[in-house]
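Below: the structure, in C-alpha cells.
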Amino acid sequence: MANAGDRGLAGLEAERRRLQGQLAAVGDFRRGSLTASYRRCGRPGCACAVPGHPGHGPIHLLTKSVQGRTVTRAVPPGPALEKTRREVDSYKRFKAVVEQIVEVNEQICEARQLAHPQEAAPDVQWEAR
Ligand SMILES: [Zn+2]
C-alpha cells in the first residue's frame with residue numbers, strides 16, 4: 001500500500017468517499033459458503049450403487065459458522081440458489097470494501113497527524129489547569 005504522504009489528505013478523503021459509495025451499493029448479502037453435495041441412496045439396484053457413479057444430487061448446502069457452531073441448510077435449485085449465490089458473493093465484496101475502508105482510514109489518521117501534529121498530543125492539554 002502506498003505511503004500516506006503520496007496522495008495527500010484530500011485524495012485519501014476522496015478515496016474514502018468513493019469506497020463508502022461502493023459499500024452502499026453492495027445490496028443484500030449473507031455469510032456462509034455454498035457447497036454441492038452428492039449421496040448414495042443405498043438401494044441395491046440403483047444406478048448410484050455402480051462404482052464411479054457420483055451419487056444423487058447435487059444438493060446445495062449453505063454453511064456458516066455462528067459462534068463456533070456450524071449451521072447448514074439446504075437451498076433448493078433454481079432462482080433461490082442463484083439468489084443465495086449472489087448474496088454470498090456480495091458478502092465477500094462487502095468484506096473486501098470494508099477492509100479497504102479500514103486501510104484508507106488508517107492512512108487518513110496518519111496524514112492528519114502529519115498535517116496537524118499538535119492534535120496528536122492531547123496529553124499536553126491536561127497539564128494546563
Ligand atoms: Zn441411488
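All of the numbers you see were taken from the coordinates with simple rules; none came from a lab. If you're wondering where the values come from, they're calculated on a predicted model, not measured in any experiment. Cβ sites come from the backbone with ideal geometry, for glycine too, and all protein chains shown count toward neighbours.
The Cα-based radius of gyration of the chain, divided by its Kirkwood radius, gives an Rg/Rh of 1.30. For the chain, the longest principal axis of the C-alpha atoms and the axis of helix 4-24 are separated by about 40°.
In degrees from 0 to 90, rounded to the nearest 10, what is the angle of the helix 79-115 Cα long axis to the longest principal axis of the chain? Approximately 20 degrees, to the nearest 10.
Taking the centroid of alpha carbons for each part, the range 5-34 and the range 45-84 are 33 Å apart. Packing, taken as the mean count of other beta carbons within 10 Å per residue, orders the peptides 60-67, 88-95 from highest to lowest as 88-95, 60-67. Summing Cβ point charges (Lys, Arg +1; Asp, Glu -1) relative to the Cα centre of the chain gives a dipole of roughly 1220 debye.
Where in the range 26-55 is the amide nitrogen less than 17 Å from a point lying 7 Å along the Cα-to-Cβ axis of Asn105? Residues passing the 17 Å test: none. For Lys83 and Thr63, the difference between the fully extended length at 0.36 nm per residue and the C-alpha to C-alpha distance is 5.7 nm. Grab the DSSP H runs of the chain that are 4 residues or longer, score each as -39,500 (n - 2.57), total them, divide by all residues and round the 222 nm result to the nearest 500 deg cm²/dmol. Mean residue ellipticity at 222 nm (helix-derived): -16500 deg cm²/dmol.
Here the calculated FRET efficiency for Val98 and Arg40, from their Cβ-Cβ distance with R0 = 35 Å, stands at 0.25, rounded to the nearest 0.05. When you restrict to C-alpha pairs under 8 Å that are six or more residues apart and normalise by the size of the range 1-117, the relative contact order lands at 34 percent.
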